Amino acid sequence: MVEINYIGAFLIGIAGGVHCIGMCGGIASAFSFAIPKGQSQLPYIFSYNLGRIVSYTIAGAITGFIGSIATVNIQSAFPFLQIISIVFLVLLALYIGDWYKGLSYLEKLGGSLWRKVAPLSKKLIPFKNPLYTLLYGMIWGWLPCGLVYSVLTWSLASESAMQGALVMFSFGVGTLPTLFAASLGASFLVPIFQHKLTRITVSLLLLLFSLTLTLNLVMS
């Protein structure tokens, strides 16, 4: 049996920094210009990232609940959902390594909904207080992202809304170091995270992790 591991989701969040810094790093650093002059950026950065994680957690709870319904009503659903989560982990590894961009098709599907949601964030700029960036982060937490979609399959196979929420919460916390650094202007991280060697290393680690999960599933 594949154990849906919160630490694993956290580590994927950290490993996915090579993707986050490219997709969300610009957003995280640009919104600093909407912070009132003379105020500390830290409360705004914290509330923005908290908002992202809240949205991830909500999405995890929803998918976890859907998965629990499937496992209760369909006897073979749980192993099937576990296989899906492993497949998406492999797709994520290939995506980060620039070997296969299949996840980009999912991002395009989510783009139609995102175009309806994104304009809401503009109404919050300029930020009057950290509550505005909290709401801003909650909106941007629904940005179509192959990395997020991949981890959501873990929530789907987690057997409950609570476990699904915790999986995505752990993942969200794992993304914090990279995006905090980007928000604080650590632009030197961008070429490091986007370097081909970094991406390949992360991709190989994810593939190794997916192999481990596969072996656990076969042996269970």
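Find the residue count for segment 57-79, including only residues that are more than 21 Å from residue 10 (Cα to Cα) and at pLDDT 90 or above. Going through segment 57-79 one residue at a time, the tally reaches 3.
Conditions tested, residue by residue: (1) at pLDDT 90 or above; (2) among the aromatic types (Phe, Trp, Tyr).
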| site | (1), (2) |
| --- | --- |
| 84 | yes, no |
| 100 | yes, yes |
| 130 | yes, no |
| 133 | yes, no |
| 152 | yes, no |
| 158 | no, no |
| 169 | yes, yes |
| 175 | no, no |
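Where helices (runs of 4 or more DSSP H) fall entirely within segment 86-172, those with at least 3 residues that are free of Cβ contacts under 8 Å to residues at least 24 places away in the same chain and out of contact with any Lys or Arg (no Cβ under 6 Å at 6 or more places or on another chain) are at 103-117, 119-122. Count of segment 13-54 residues, restricted to those that are closer than 29 Å to residue 214 by Cα and modelled with pLDDT of 85 or more, is 2. Considering only residues that are more than 19 Å from residue 92 (Cα to Cα) and outside any helix (DSSP H, G or I), look in segment 188-220 and name the one that is modelled with the lowest pLDDT. Only one residue tops the list, namely 188.
The values are calculated or read from the model by the stated rules, or taken from the named source; none is laboratory data. Nothing here was measured: the structure is a model prediction, and the numbers come from that model. So basically every Cβ, Gly included, is an ideal-geometry build from the backbone, and we count neighbours across all protein chains shown.
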